[in-house]
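Inspection log for the structure reproduced underneath, given as structure tokens.
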Amino acid sequence: MKRISIDPITRLEGHGKIEIFLDGNGEVANAYFQVPELRGFEKFCQGRPVEELARIVPRI
Amino acid sequence: MSKPKVAIYWSAACGGCDVKVLDTNEKILEVAAAVDLVLWPIALDFKYKDVEAMADREIDLCIINGGVRNSEQEHIVKLLRRKSKVVAALGACAISGGIPALANLFDAQSILDYVYHKTASIDNPQGAVPQPEYDAPEGKLSIPKFFESVFALDQIIDVQYFIPGCPPPPSLIAKALVAFIQGTLPPPPATVAGDGSVCDECPRERKREAKVKKWKRISQFTPPADTKKCLLDEGFLCLGPVTQAGCEALCPKANMPCEGCMGKAKGVIDKGAKIVSYIASLTDANTEEEAKAILKDVIDQVGLFYRFDLPKSLIKGRRKV
């Protein structure tokens, strides 16, 4: 099965890659969009004073 | 003569640093005319395999923003280091971990558990979590390994220049790029910023005799009628005294205490320790009880004092047990 990797996806904000699999006829059999990034704002915003979030989350 | 080659890359970042490169406005056109950009994911369509195909040290200047959070970022920054003559760290995340490094207060597993199973907005009935490798019917897929903690760039590779800020002021980015093009960058390692601390650039005036009767949270802020009044004198925890100059005191000028995004001022070993020291000397207390009352609203010290530099601080992060 032929495989096309688009790594990284460009001209957007964030990280991503796409893996495309082609069947014997050159048609797309399946495609996977992957986000190879996590920073965990959901977790580390815990414990911060609520008014400070206005200064923390603009950096998402 | 061929133009110098410049690469711009982002690791664990928000994109704000890249936007500030664009915010150099017409300077970016001069830069684009003077150099060949060979990688810049936010703006141009070059792939990692294009970088891999280059000769070692083929890139003249590689500007990297973002800290190192996972195995892909480690791999790419090491690759770029090998392919580059000069590496510059752009912004707080690359220099000292930045805000994403507040994650170093938690272990990797608890972050993954919370993000994929417990947030209010999650919809994940299968309980799926990202796996470094996945056997899809069509072939093997892989994503990077999520590290235990965030690293500053120079904890992974050698870095020659540092352009601080969250985000860095476009004026400093332009200064660094113009110096690179003209061949006038200072001998490395060097920080491209202002002299002294944020206080040196701040138009507010500190009264030497002022003592704080009550430290206040920023939610209790009403801008002083007299905009010349020092925010510290008013009892707001401004980090100006320990923070590297170069931003022209942008936040204090806008009635917001400095949160320290430019990093440590010269001579500061540990930011938090230095902040504790000046809080102590400004606090107007004669007894422990008085001090406790005055300091009651100094909360989340780690989240403020080390907001941008946890991986480079003495405490580093959570205590490993």
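The values are calculated or read from the model by the stated rules, or taken from the named source; none is laboratory data. Computed from a predicted structure; not experimentally measured. Heads up, the Cβs are rebuilt from the backbone with ideal geometry, glycines too, and the neighbour counts pull from every protein chain shown.
Close contacts from the range B:40-51, counting a first residue that is facing chain A (nearest Cβ under 7 Å) and without any contact (Cβ under 8 Å) to a residue 40 or more places away in the chain and a second that is assigned to a loop (DSSP other than H, G, I, E, B) and acidic (Asp, Glu), with Cβ to Cβ under 8 Å and a gap of 6+ residues or different chains, come to B:ILE42/A:GLU13; B:LYS47/A:ASP7; B:TYR48/A:ASP7.
On the given criteria, is B:SER121 more than 8 Å from chain A (Cβ to nearest Cβ), within 21 Å of A:GLN46 (Cα to Cα) and polar (S, T, N, Q)? Against the criterion (more than 8 Å from chain A (Cβ to nearest Cβ), within 21 Å of A:GLN46 (Cα to Cα) and polar (S, T, N, Q)), B:SER121 qualifies. Among residues of the range B:14-37 that are of a type outside the set (D, E, K, R) and surrounded by 19 or more Cβ atoms within 10 Å (Cβ to Cβ), those with a beta-carbon under 6 Å from a residue that is modelled with pLDDT of 95 or more and assigned to a loop (DSSP other than H, G, I, E, B) at least six positions away or on a different chain give the pairs B:GLY16/B:PRO167; B:CYS17/B:PRO167. Once the range B:265-321 is narrowed to residues that are among the small types (Gly, Ala, Ser) and assigned to a helix (DSSP H, G or I), the residue that is surrounded by the fewest Cβ atoms within 10 Å (Cβ to Cβ) is B:SER281.
Scanning the range B:98-138 for residues that are surrounded by 13 or more Cβ atoms within 10 Å (Cβ to Cβ) and among the small types (Gly, Ala, Ser) yields B:GLY98, B:ALA101, B:ALA103, B:ALA108, B:SER110. Take B:ASN65 and tell me if it is without any contact (Cβ under 8 Å) to a residue 60 or more places away in the chain, within 13 Å of another protein chain (Cβ to nearest Cβ) and surrounded by 19 or more Cβ atoms within 10 Å (Cβ to Cβ). Against the criterion (without any contact (Cβ under 8 Å) to a residue 60 or more places away in the chain, within 13 Å of another protein chain (Cβ to nearest Cβ) and surrounded by 19 or more Cβ atoms within 10 Å (Cβ to Cβ)), B:ASN65 qualifies. Is at least one residue of the range B:220-233 within 14 Å of another protein chain (Cβ to nearest Cβ), polar (S, T, N, Q) and in contact (Cβ under 8 Å) with a residue 12 or more places away in the chain? Yes, the range B:220-233 has at least one match. If a residue has to be within 18 Å of B:GLY98 (Cβ to Cβ) and in a loop (DSSP other than H, G, I, E, B) to count, how many in the range A:33-45 make the cut? Number of matching residues: 5. Can you tell me which residue within the range A:8-56, out of those that are within 17 Å of B:LEU310 (Cβ to Cβ) and more than 7 Å from chain B (Cβ to nearest Cβ), is surrounded by the fewest Cβ atoms within 10 Å (Cβ to Cβ)? Selected residue: A:GLN46. Screening the range A:25-60 for residues that are polar (S, T, N, Q) and within 26 Å of B:ASP113 (Cβ to Cβ) and picking the one that is nearest to the chain's Cα centre (by Cα) gives A:GLN34. Each residue in the range B:11-37 was checked for being within 13 Å of chain A (Cβ to nearest Cβ) and aliphatic (A, V, I, L, M), and 5 pass.
Out of all the residues in the range A:25-32, is one or more closer than 24 Å to B:HIS75 by Cα, in a strand (DSSP E or B) and either among the small types (Gly, Ala, Ser) or touching a residue at least 12 places away in the same chain (Cβ under 8 Å) (or both)? Yes, the range A:25-32 has at least one match. Just so you know, in the range B:218-255 the residues that are assigned to a strand (DSSP E or B) and either farther than 14 Å from B:VAL198 by Cβ or at pLDDT below 95 (or both) include one that is farthest from the chain's Cα centre (by Cα), and it is B:LYS229.
Matching residues to (1) of a type in the set (A, V, I, L, M, F, W, C); (2) touching a residue at least 24 places away in the same chain (Cβ under 8 Å); (3) not in a helix (DSSP H, G or I):
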position	(1), (2), (3)
B:VAL159	yes, yes, yes
B:PHE162	yes, yes, yes
B:VAL178	yes, yes, no
B:ASP200	no, yes, no
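Consider the range A:1-24 and keep the residues that are assigned to a loop (DSSP other than H, G, I, E, B) and touching a Leu at 6+ places or on another chain (Cβ under 9 Å). The one that is modelled with the lowest pLDDT is A:MET1.
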